[in-house]
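A.B. asks: Handing you a structure now.
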Amino acid sequence: MGRARADTTQRSGTTPRIVIIGAGIAGILMGIKLRQRGWTDFTILEKADRLGGTWRENQYPGAACDVPAHLYVYSFAPNPAWRTRYAKAPEIWQYYHDQAERNGVLPHIEYGKEVATSEFDGTRWNVTTREGEHYEADVVIAGVGRLHQPNLPDITGAERFTGPKFHSSCWDHSVELKGKRLGVIGGGSSGVQIVSALADEVGKLSLFQRTPQWVFPLPDAPIPLKKRLLYRLWPGALARQYRKLEAEIDDRAGRAALDASVRAETAKLCNAGLAGVRDPELRAKLTPHYEVGCKRLVISGSFYDAIQKPSVDLVTEGIDHIEERGVVTTDGKLHEVDALVFATGFKAHAFLRPMQLKGEGGVTLDEVWNDLPINYRTVAIPHMPNFFMLNGPYSPGGSASVVGIIEVQTGYLLQLLDRIAEDQVLLTPREDATSDWLSGVRDLARQTVWATGGCNSWYLDKTGTPAYNPISITELKSSMATPIRDDFIATARETEPA
Ligand code: NAP
């Protein structure tokens, strides 16, 4: 049986042995924080052969983060080198790789280790990978991401298409698209970035749009060399920029789901961008018929220019089926394409799955989550002692920086880990505390534009309630500043001699 290992010589004898699942932004952050406090008895199991999570997988042309780059960082590691307001996927990947390297996390990562099962044996967790390797851990922390498993719609005949086809998060860079006819199914954030990036490169691009999106027309802009130098020489200015962006976005996006006046302002700006589409027929096709903010806002300063190019065709008739040569819409028209991209999003409710979890008394995650992804404050699950999550269900939604959210959750988990180490206990959230917290969040979520705005989106669970919490980072920070001791059941943990 393997151990959650690495630098075990430094093990204090009281710190728990930890397995972290996933080497994305969350897993790396937890690794950094553990090392900063001298806890080195942990292993990060990563299914792929590289770290980086979202930014490893999403390498499609134009992939970039629509949260300002200076905010999309660990707060303790500002980056003076960003060249543009919004960072591109490869630069973001490099930043998080550098953080893992600089902070000594790389040796803790084991690649090609996809966790298949985690079973609690009454004392500790037995984690097994698909390849059949075993790890023992006192604590398991899942940082597996929420938008991770590609949603590949079941469109009749897709298998008959003879050209290359792939999901936006599995881009096949060996396919030459220059001058070719490309079909893009899906006009969310990914589809919009792909269309903007490739409109000039391909011979013809057909965007198959099922629902028009609200597009916030924020242009990207270079960060002048002088400013980058200033940030390098004067870290205080960079820290101030982080705080400024955090406050601005919290102000604008933090309560937008609940605050109609914030949304009215957003709609005004989106409509001003849309007004730049000259052809009234095209503009009508791009005009959403639901409230702004109901779906996650698409942020792009270049999409409306791209969609008006002669090489781009916006197809709004529904897709009937796919055949050898392309996509056939419900009006019977065949749209011939040489390659097909599914920018069709992710299975947002498959959180933790397909991993199988078995907690106390053999109860499975599927049993606990039969109806809903029940959890306590996004990080802990009843009946799953010492099993925690980062960016779990009911984390804040909207356009906030997920890095900031994960930092708050990590700070909270570190306090739970301290208690686990000091008191040598297993911590499980109480069911009553869990349901009190969860019903408060769900009541609030039902009042949001996500639920009432007249659209369908991946925010909603099967009951039509958003699985996101409409609170700002400021509110998240205060609600997760200190764990409520009595909300957890603490049972003595069997320990090994040091
Ligand atoms: P998405 O927002 O879920 O968009 C998927 C698109 O595919 C939608 O337009 C959807 O149409 C369409 N679609 C799904 N199934 C379809 C079908 N069977 N036929 C036709 N169209 C179909 O996915 P995404 O664009 O990959 O973005 C996912 C999330 O990732 C974003 O919301 C964002 O949180 C994140 N993201 C962030 C950035 C960033 O810059 N930070 C960039 C990319 C992605 P409907 O609207 O009709 O369902």
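The values are calculated or read from the model by the stated rules, or taken from the named source; none is laboratory data. Because the structure is predicted, anything quoted here is derived from the model rather than measured. Counting neighbours? That spans all protein chains shown, and the Cβs are built from the backbone with ideal geometry, glycine included. Just the protein is used for accessible areas: all its heavy atoms, side chains included, with ligands, DNA and RNA removed. Shrake-Rupley method; radii C 1.70, N 1.55, O 1.52, S 1.80 Å.
A.B. asks: Find the cysteines in the chain that fail to meet the 4.7 Å Cβ criterion with every other cysteine, and list them.
C.D. replies: Here C65, C170, C270 come out as lacking a disulfide-compatible partner, given the Cβ-Cβ threshold of under 4.7 Å.
A.B. asks: For segment 193-245, with the dipole built from +1 on Lys and Arg beta-carbon atoms and -1 on Asp and Glu ones, taken about the Cα centre, which of Q193, L230, V215 lies farthest toward the positive end?
C.D. replies: Comparing the listed Cα positions along the dipole, L230 ranks first.
A.B. asks: Setting aside same-chain residues fewer than 8 positions from K295, which aspartates and glutamates have a Cα under 14 Å from its Cα?
C.D. replies: D461
A.B. asks: Now for a separate question. Determine the shape class of segment 96-192: with a ≥ b ≥ c the square roots of the Cα gyration tensor eigenvalues, call it rounded for a/c under 1.5, and otherwise prolate if a/b is greater than b/c, oblate otherwise.
C.D. replies: It comes out prolate by the Cα gyration axes.
A.B. asks: Further question on the same structure: I'd like the Karplus ³J(HN,Hα) series for segment 337-353: coefficients 6.51, -1.76, 1.60, θ = phi - 60°, whole numbers in Hz, and an x wherever there's a Gly or Pro.
C.D. replies: Karplus-based 3J(HN,Hα) across segment 337-353 equals 9, 8, 8, 10, 10, 9, 9, 9, x, 9, 7, 5, 9, 8, 3, 6, 7 Hz.
A.B. asks: Okay, next question. Label-point separation (nm) for T316 and R278, each offset 7 Å from Cα along Cα-to-Cβ?
C.D. replies: So the label points at T316 and R278 sit 2.0 nm apart.
A.B. asks: Give me the dipole magnitude in Debye, nearest 20, for the chain about the Cα centre, with unit charges on the beta carbon: positive for Lys and Arg, negative for Asp and Glu.
C.D. replies: Result for the chain is approximately 1600 debye, rounded to the nearest 20.
A.B. asks: Can you list the residues, at least 5 places off or on another chain, whose amide H is less than 5 Å from the amide H of V328, using H built in the peptide plane?
C.D. replies: Amide H neighbours of V328: D320, H321, I322, E323, H335.
A.B. asks: Across the chain, how large is the tail of the calculated P(r) beyond 29 Å, expressed as a percent of all Cα pairs?
C.D. replies: Roughly 53 percent, once rounded to a whole number.
A.B. asks: If you stretched the chain out fully between S479 and A264, how much longer would it get, using 0.36 nm times the residue separation minus the C-alpha to C-alpha distance?
C.D. replies: 74.6 nm
A.B. asks: Set the Förster radius R0 to 35 Å, insert the Cβ-Cβ distance between D432 and T14 as r into 1/(1 + (r/R0)^6), and round the FRET efficiency to 0.05.
C.D. replies: 0.70
A.B. asks: What fraction of the DSSP beta bridges in the chain is antiparallel, stated in percent and rounded to the nearest 5?
C.D. replies: Just about 45 percent of them are antiparallel.
A.B. asks: On full extension of the chain, what length is gained from T84 through T491, given 0.36 nm per residue of separation minus the C-alpha to C-alpha distance?
C.D. replies: Stretched out fully, the T84 to T491 stretch lengthens by 141.5 nm.
A.B. asks: Accessible area of segment 132-262 with a 1.4 Å probe: how many percent of it is carbon plus sulfur?
C.D. replies: Heavy-atom surface of segment 132-262 belonging to carbon and sulfur, 1.4 Å probe: 55 percent.
A.B. asks: While we're looking at this one, here's another question. How large a share of the accessible area of segment 35-125, in percent, is made up of carbon and sulfur atoms when the probe is 1.4 Å and the other protein chains stay in place?
C.D. replies: That share works out to 47 percent.
A.B. asks: Read phi for every residue in segment 435-444 and hand back ³J(HN,Hα) as whole Hz from Karplus 6.51 cos²θ - 1.76 cosθ + 1.60, θ = phi - 60°, with x for Gly and Pro.
C.D. replies: These are the phi-based 3J(HN,Hα) values: 6, 4, 5, 5, 5, x, 5, 5, 4, 5 Hz.
A.B. asks: Quick check: residue separation of D418 and T330 times 0.36 nm, minus the Cα distance between them. What number comes out in nm?
C.D. replies: Computed gain between D418 and T330 is 25.8 nm.
A.B. asks: Then there's this: Among all stretches of the chain without exposed trypsin sites (Lys or Arg not before Pro) (DSSP loop, at most 10 other Cβ atoms within 10 Å), which one is longest?
C.D. replies: 279-461
A.B. asks: Any idea what the dipole of segment 253-378 comes to, in debye rounded to 20, about its Cα centre with Lys/Arg Cβ at +1 and Asp/Glu Cβ at -1?
C.D. replies: Magnitude of the dipole: close to 620 debye.
A.B. asks: While we're here: Heavy atoms only, probe 1.4 angstrom, no DNA, RNA or ligands counted: give me S118, S174 ranked by accessible area, highest first.
C.D. replies: S174, S118
A.B. asks: Could you give the accessible area per residue of the chain, probe 1.4 Å, as a whole number in Å²?
C.D. replies: 42
A.B. asks: Then there's this: Answer with one residue from G464, F388, G411: the one whose Cα lies farthest towards the positive end of the charge dipole of segment 382-498, charges on Cβ with Lys, Arg +1 and Asp, Glu -1.
C.D. replies: Comparing the listed Cα positions along the dipole, G464 ranks first.
A.B. asks: Then there is this: Using a 1.4 angstrom probe on the protein heavy atoms only, could you order C170, C65 from most to least accessible area?
C.D. replies: My answer, sorted largest first, is C170, C65.
A.B. asks: Once phi is turned into ³J(HN,Hα) by the Karplus curve 6.51 cos²θ - 1.76 cosθ + 1.60 with θ = phi - 60°, what whole-Hz value does each residue of segment 107-117 show in order, with x for glycine and proline?
C.D. replies: Couplings: x, 7, 8, 10, 8, x, 10, 8, 6, 9, 9 Hz.
A.B. asks: Which far-off residues, 5 or more places away or on another chain, put their amide H under 5 Å from the one on T84, with H placed in the peptide plane?
C.D. replies: The list, which skips near neighbours in sequence, is I223.
A.B. asks: Something else: If the reach is capped at under 13 angstrom between alpha carbons, list the aspartates and glutamates near K477, excluding any in the same chain fewer than eight residues apart.
C.D. replies: E246, D250, E407
A.B. asks: Here's another thing I want to ask about it. What aspartates and glutamates sit close enough to K309 to cross-link, taking a C-alpha to C-alpha distance under 12 Å and skipping anything fewer than 8 places away on the same chain?
C.D. replies: Hits, sequence-local ones excluded: D200, E201, D279.
A.B. asks: Right, next: Normalising by the residue count of segment 326-461, find the relative contact order in percent from Cα pairs under 8 Å and 6+ residues apart.
C.D. replies: 21
A.B. asks: Can you pull the percent of segment 390-457's accessible area that's carbon plus sulfur, 1.4 Å probe, other chains left in place?
C.D. replies: Answer for segment 390-457 is 44 percent, counting heavy atoms of protein chains only.
A.B. asks: Quick check on the chain: helices-only [θ] at 222 nm, where DSSP H runs of length 4 and up contribute -39,500 (n - 2.57) each and the sum goes over total residues. Nearest 500, please.
C.D. replies: Helix contribution divided over all residues of the chain: -8500 deg cm²/dmol.
A.B. asks: Could I ask something else about it? Give the long-range amide H neighbours of T364: residues separated by 5 or more places, or on another chain, with amide H under 5 Å away, using H modelled in the peptide plane at 1.01 Å from N.
C.D. replies: Counting only residues 5 or more places away or on other chains, the set is G359.
A.B. asks: With a point put 7 Å past each Cα toward its Cβ, work out how far T463 is from D305 in nm, to one decimal.
C.D. replies: 4.6
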